[in-house]
Amino acid sequence: MNTCCQCGHFVIDPEAFEAMIPGLNIVSSAYGSVRADTAYCEFKDIFLTDAPACTAFKPLHISAADEAG
């Protein structure tokens with residue numbers, strides 16, 4: 001079963017969060033433990049945690065270099 005975490009719409013990278021939400025690092029940080037595993041779905045425009053994938057699932061593109069480790 002695919003999950004949100006495996007989807008290309010699922011933004012979990014703290015640096016990407018801070019770029020998407022101007023001023024976030026003024027009041028907090030996307031690197032903070034309070035965020036835990038919360039991510040942003042670019043398709044649905046919502047914050048959520050990893051869940052079973054929806055019909056908008058888009059597989060992540062993994063480069064050959066990433067697969068090689």
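Miscellaneous remarks
- Environment charge of C5, counting only residues whose C-beta is closer than 13 Å and scoring Lys/Arg +1, Asp/Glu -1: -2
- Were the residues from N2 through C54 laid out at 0.36 nm apart, the gain over their Cα-Cα distance would be 17.8 nm.
- Extension gain, L24 back to E42 (0.36 nm per residue minus Cα-Cα distance, nm): 4.8 nm
Readers should treat all values here as calculations from the given coordinates under stated rules, not as data from a laboratory. Given the structure is predicted, the values throughout are model-derived calculations rather than measurements. Glycine gets a Cβ as well: all are built from the backbone with ideal geometry, and neighbour counts include every protein chain shown.
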